[in-house]
Amino acid sequence: MPKLESILVGVDFTEGSRAALDYGLSLARRLGARVSALHVTPRYVTYEPLPAFPVAPPLDPERQQGLQEDLRRFVTSPGSEGAPVEAVVREGDPADEILALAAASGVDLIVVGTQGRRGFERWILGSVTERVARKTDRPVLAVPPGAGAAAFTRVLCALDLSDASAAILEHAAAITRAVGAELVVLYVASDFHWYDPWPIAGMDAEAVHGAVAESARERLARLVERDVPEGVRVDLRVSFGRAHREIERIAGEGVDLVVLGASASGGVDRFFFGSTAQHVLRAGVCPVLLVRH
């Protein structure tokens, strides 16, 4: 099973990073994991879509100490107690510094907040969350504003039954077991169209849906039997439609965490564009754990 012993949380003192910190600490308490909170002060500003340019001198020792104290207060404020937190301040590009510290310290999970922007340009130009998830080989937990500490009663793991499904399910099962939650394992099959071959074969839609659902459920059951430890309560589901819409619908029914696979598609800034992960993240229904494959 994947290790979940160390967590890195990106903090920029906004509402979004407060939600990420609270959720990360809540998860760390359940896992018995150690937490590092990283604040990165950039030496540039970006006015989209213009390129970034320097606006500040290098971080001097006095300012470094002031930011360190601000970060310590932030991570020990009311509601954030219960897990020891290492406060780290760095200077540079936020995404690059998160990636560098994660690699150097060997963290098992990166937690970052999402800003909740739904505009097209947000994903073309790239957020810190998107860049970190695209470049790291570690799981990334994206927490929307207002998420707060989690009850951890239900975890939703959506699989596409590809070769990567086993690794994704293992991560979901590890967290679910540690927090004592119920694991909902979901496969979403595409809707059928008039040009599909089954009408020509004389099969009706209900029969086709039944056959697809039965086959998918059997494959999910084999994965669960092999990769989910005993004692974890599992609810197998197969539905039909657009994957992101079904995931968002079920997540809205009382899910504390969604676990998804995510893979780069080969081009610059194409990691999320048009993908199920992009749509689910932008919906902001609940925190999303992205498992890179």
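The table for this structure:
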item	result
Distance between region 1-35 and region 151-170 - C-alpha centres, whole angstrom	20
5 angstrom amide H check on Glu182, placed H, neighbours 5+ away	Arg154, Val155
Nonlocal amide H pairs with Ala37, under 5 Å, H built at 1.01 Å	Val9, Glu86, Ala87, Val88
Estimated FRET transfer efficiency (Glu5, Arg217; beta-carbon r; R0 25 Å; 0.05)	0.15
Stretch gain in nm, segment Glu225-Glu206, where the contour uses 0.36 nm per residue and the Cα spacing is subtracted	4.0 nm
Length added when fully stretched, Gln278-Ala178, from 0.36 nm per residue minus Cα-Cα	33.3 nm
Estimated vicinal HN-Hα couplings, Hz - region 25-35 in sequence order (Karplus 6.51, -1.76, 1.60; Gly, Pro = x)	5, 4, 5, 4, 4, 5, 8, x, 9, 8, 10
Efficiency of FRET from Cβ geometry, Phe13 and Asp160, R₀ 41 Å, rounded to 0.05	0.65
Distance in nm between pseudo-label sites at Arg29 and Ala100 (7 Å out along the Cβ direction from Cα)	3.4
Charge sum, other residues only, whose C-beta stays under 13 Å from Ala174's C-beta, Lys/Arg counted +1 and Asp/Glu -1	-1
Virtual spin-label span in nm between Gln68 and Arg242, 7 Å along Cα→Cβ	5.0
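Each value in this text was obtained by applying a stated rule to the coordinates, not by laboratory testing. In this text, all values refer to a predicted model and were calculated from it rather than measured experimentally. When we count neighbours, we look across all protein chains shown, and the Cβ atoms used for this are built from the backbone with ideal geometry, even at glycine.
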